[in-house]
1. For a test of the definition: using alpha carbon positions, the gyration tensor, and the 1.5 limit on a/c, classify the range 177-335 as rounded, prolate or oblate.
2. Once you've got the GNM for the chain with C-alpha springs shorter than 10 Å, pick whichever of 77, 174, 214 has the biggest mean-square fluctuation.
3. Once you keep just the Cα pairs under 8 angstrom separated by 6 or more residues, what percentage relative contact order results for the chain?
4. Of 331, 121, 149, which has the largest mean-square fluctuation in a 10 Å C-alpha GNM of the chain?
5. Just checking my list (i) 28.7; (ii) 17.9; (iii) 20.0 against mean projected area of the Cα convex hull in nm² computed from this structure; which label fits?
6. So for the range 18-130, averaging the separation of alpha carbon pairs under 8 Å that are six or more residues apart and normalising by length, what relative contact order in percent results?
7. Helix-derived [θ] at 222 nm for the chain: sum -39500 (n - 2.57) over DSSP H runs of at least 4, divide by residue count, nearest 500?
8. Can you tell me which of 303, 117, 172 moves the most in a GNM of the chain? Springs connect C-alpha atoms under 10 Å apart.
Amino acid sequence: MRTLLFLALLIVPHAAHAEIQTLFRGECYTEAEGAAKLAEFAKTYSTPDEWQARAANIRRGMLKGMKLERLPTACDLKPIRHSKREHDGYTVENVAFESLPGFWVTGNLYLPTDAKEPLAGVLCPHGHMADNRLIEQTQKRCAALARMGAAVFAYDMAGYGESTPVDHHHSETLRLQTYNSMRAIDYLLSLGNVDPNRIGVTGESGGGTQTFVLAAVDPRVAVSVPVVMVSAHFYGGCSCESGLPIHKSADHETNNVEIAASIAPKPLLLISDGDDWTRQTPQVEFPHVQQIYELVGAPDHVENAHFADEGHDYGPSKRAAMYPFMAKHLGLDLARIQNDAGQIDESFAIVHPRAELLVFPADKPRPDYAVTDGDQVIDLLNR
């Protein structure tokens, strides 16, 4: 039986997640109900073909729910790049490109200084925290992945950081963010030295949702690492996660566990912790995903890194679990970020002040033709 779980039932106590708590108005399940739903879904397939048919129907339902069955005509990216800085083994630049005419996806591009081409590409979406793309945990993971040999793009959620003018609470934010992520892959491939068969994506919390949603609907994603988000009972606390009918329609019903697993047999790493809605991952969500991967003949392509004594973040231990997985499946050089003892060492990473990573500071404004009305940006998705 479904239960309305309002913000008082959200179990993440950290102040950093206050906004996602206040935004939550959605419908989800208790932990027991979520586990029961997984068992119910599992009865609908027992062969690889049956699972792939279900996964295809999930993708159709998601695209229809997001109104992305028909994509907009792709505009020129018109990238803006400036303020390149060279560091030990990597560079970082301030970058924006147009995902829609007059609307810019804002972020930072990290590139290796000494790596064999073509490069792997990694997208790094983020969760619900002000300026999350610019905080230490994001800068360090992007720098490390770049030093390992990837072209890495960290970009703002709609309505966060420099991403304007669409308010994050807009009813179609999920649609816009997913399309932005598709165009972010376009941008990485436009660099000319990124291998289209080696695209990964990893983000935490709301960035974890962006990770598994993109991986489910864009076949170019080869490796998915959603962090502290995949849950059988909680679908997300924001319109950017569950504000559009991607989980249930007249033609489909699913949850985030099946959405994350829909990329099977492609590599998938679930990172979970003991202080949020992923606390039962080792006992509930991961065994279900393992069964799917065993069914399709790829049991070695799925893993779970669980941190029972940690909370809702993308901290050092979670990054240390992600790096070897990305290295293994994207052909990256893990040794580039290990010390003599074989431990992950991020001490080379430079954490820049916020102002240094802005694409559009006061002295570098957006072009004059920028769309300034959020509803007009959403309307561009219909063209």
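The values are calculated or read from the model by the stated rules, or taken from the named source; none is laboratory data. Here the structure is a predicted model, which is why all the values come from computation and not from measurement. Reconstructed Cβ throughout: ideal geometry from the backbone, glycine too, with neighbour counts over all protein chains shown. Just the protein is used for accessible areas: all its heavy atoms, side chains included, with ligands, DNA and RNA removed. Shrake-Rupley method; radii C 1.70, N 1.55, O 1.52, S 1.80 Å.
1. On the way: a/c = 1.37, a/b = 1.11, b/c = 1.23.
Rounded, because the longest to shortest axis ratio a/c is under 1.5.
2. Looking only at 77, 174, 214, the biggest GNM fluctuation is shown by 77.
3. Values: 784 pairs, mean separation 77.9, N = 383.
With pairs under 8 Å counted, the relative contact order is 20 percent.
4. 331
5. Computed from these coordinates, mean projected area of the Cα convex hull in nm² corresponds to label (ii).
6. On the way: 83 pairs, mean separation 18.5, N = 113.
With pairs under 8 Å counted, the relative contact order is 16 percent.
7. On the way: 11 runs with 121 residues, N = 383.
Result for the chain: -9500 deg cm²/dmol, rounded to the nearest 500.
8. 117
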